1. So which residues in region 1-34 are at pLDDT 95 or above, over 13 Å from SER48 (Cα atoms), open to solvent by 30 Å² or more (accessible area, probe 1.4 Å) and among the hydroxyl-bearing types (Ser, Thr, Tyr), if there are any at all?
2. May I ask you to list the residues in region 31-61 that are over 22 Å from GLY16 (Cα atoms) and touching an Asp or Glu at 6+ places or on another chain (Cβ under 9 Å)?
3. Of all the residues that make up region 35-49, how many are within 15 Å of VAL78 (Cβ to Cβ) and either surrounded by 12 or more Cβ atoms within 10 Å (Cβ to Cβ) or at pLDDT below 95 (or both)?
4. Can you name the residue in region 62-79 that is touching an Asp or Glu at 6+ places or on another chain (Cβ under 9 Å) and not basic (Lys, Arg) and is also most open to solvent (accessible area, probe 1.4 Å) among such residues?
5. Taking region 50-59, which residues are open to solvent by 70 Å² or more (accessible area, probe 1.4 Å) and more than 14 Å from the chain's Cα centre (by Cα)?
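The values are calculated or read from the model by the stated rules, or taken from the named source; none is laboratory data. The structure presented is a predicted model; accordingly, all values stated were derived computationally and were not measured. Ideal geometry is used to build each Cβ from the backbone, glycine not excepted, and the neighbour counts take in all protein chains shown. Just so you know, the surface numbers come from the protein's heavy atoms only, side chains and all, with ligands and any DNA or RNA stripped out. Shrake-Rupley method; radii C 1.70, N 1.55, O 1.52, S 1.80 Å.
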Amino acid sequence: LEYKAYNPSQLAVDSGTTVTFINKDNANHSVTSSSGLFSSGKISKGNSYTYTFNTIGTYYFYCDYHSTNSAEQGAIIVR
């Protein structure tokens, strides 16, 4: 997360890949699955959250703190 935006907003990975989300912004953020699969809770500045994507599919996520900000929505595509 960089200044209220996921960077990159989409990422394609192989099944079994662990993705680390790092908060590089001054505000608190989260990484929350749109389907309820995972939720990081609060990620404060400099902290991170990791999740391993084992199943092929597309996983949409957003920030609970700024859910109406389209720049704080994204997707992980697992192939």
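1. Of everything in region 1-34, those that are at pLDDT 95 or above, over 13 Å from SER48 (Cα atoms), open to solvent by 30 Å² or more (accessible area, probe 1.4 Å) and among the hydroxyl-bearing types (Ser, Thr, Tyr) turn out to be SER15, THR17, SER34.
2. Answer for region 31-61, where residues must be over 22 Å from GLY16 (Cα atoms) and touching an Asp or Glu at 6+ places or on another chain (Cβ under 9 Å): GLY41, LYS42, LYS45.
3. Residues that pass the stated criteria total 2.
4. Going residue by residue through region 62-79, those that are touching an Asp or Glu at 6+ places or on another chain (Cβ under 9 Å) are 62-63, 65-66, 78-79.
Add one more test, that the residue is not basic (Lys, Arg), and what stays is 62-63, 65-66, 78.
On the way: TYR62: 64, CYS63: 0, TYR65: 111, HIS66: 44, VAL78: 5 Å².
Only one residue tops the list, namely TYR65.
5. ASN54, THR55, ILE56
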